[in-house]
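Undergrad: For reference, the structure I am asking about is given below.
The values are calculated or read from the model by the stated rules, or taken from the named source; none is laboratory data. For clarity, every value in this text was computed on a predicted model and none was experimentally measured. We place every Cβ from the backbone using ideal geometry, glycine too, and count neighbours over all the protein chains shown.
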C-alpha cells in the first residue's frame, strides 16, 4: 500500500489500541463466566477469522486500520479465559503451564510465516486474509467441541461494579504495578521489533517473502524450545531469576541486529533473540497471577495484557518517527534501550513480594 514508516507505526499502534480496549471486557467476561471458557475461546478464534476476512476486503488505509484493531480485539478475549483456567488447575506449576500455553501459540506462529511467505509468491496478501476465515472458524468449532467435555466452574455473580472495584484494588498493589511497568517495557520493545524487523529484512536486506518467513519462524522455533524451560525454572527458582537476565540478553540482541549484516551473524542474533522474544510474556503473567486470589485471576491477566498492549501500541508510532528521521536501524536501538532499562529495573526493585 506504499505506506510511510509513520503510517506503518500508526497501523501497529491502532492494532494494539484495539487489543488494549478489548482486554477490559475480556477480563470481566472470563471472571463472570468461568464455566463457559470453551465457548469464549471457540468464538474468539472464529472472530479472528471473521475480522481477517473483513481486513482482506478493505480497500483503503482507514478501513485496514479499523479491521486490524478489531482483529487484535478478538485475540484479546482468548488469553484471560485460557490462562486463568490453566492457572487455577495447575497452581503449583503455574509458570510451566502458562509457558506451555505460549508454546502452543509459538508453534502456530512458527509455521504461519513460512506458509504465508510461500503463498505470497502465488496469491495476494488480501486474498490470504479473506480465506483465513475458513481455518479460523473450523479451529474455533474444534476448540469449542473439545473443551466442552472438560468440567468447569459455575458462573459467578460478579457485577460490573464489583469487577471495576477489583480492578481498582489491584491497581493499588505495588508489586503488581511494578510487574505492569516491566511488562509494558518488554511489550513496547517487542512490538517495535515485530513492526520494523520484517521491513528491515525486506527493504534493507532485500530478502524475499519466503526468506522473511523463514527468519520470523526461526525466532519462534527458539521460543518453542526455551518457553517451557523458562516456565519450569521460574516455578523452581523464582520469576526474577529468569526475567532480569533474559531482558538484558534480549536488549543486547536488539542492539546487534543492524550490526549483524545478512549472514551467519544475523542468524545467530535472531536465534538468541527468539529464545526470549516470545517466551517472557508467560513469566510476566505468572508473576502477576502469583499475587492475587483465584477469583480475580482473569481480571489480573486482562490487566497485564491490557497494559502491555497499551504501551506496545504507542511504541511503534514513536519508533516510526525515529525511522523516518534516522533510518530504520534506529528502531532497534530504541527497542534495545527500552528493554535494557526494564531489565535493570526488574533486577534492582523488590517486586516478588506483595508489599
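Undergrad: Only one residue in 28, 78, 33, 61 is within 20 Å of residue 126 (Cα to Cα) and either out of contact with any helix residue (DSSP H, G or I) (no Cβ under 6 Å at 6 or more places or on another chain) or buried (at least 19 other Cβ atoms within 10 Å of the Cβ) (or both), so which one is that?
TA: Exactly one residue qualifies, and that residue is 61.
Undergrad: Of 110, 92, 68, which residue is under 25 Å from residue 141 (Cβ atoms), modelled with pLDDT under 85 and assigned to a helix (DSSP H, G or I)?
TA: Selected residue: 110, the only one of 110, 92, 68 that is under 25 Å from residue 141 (Cβ atoms), modelled with pLDDT under 85 and assigned to a helix (DSSP H, G or I).
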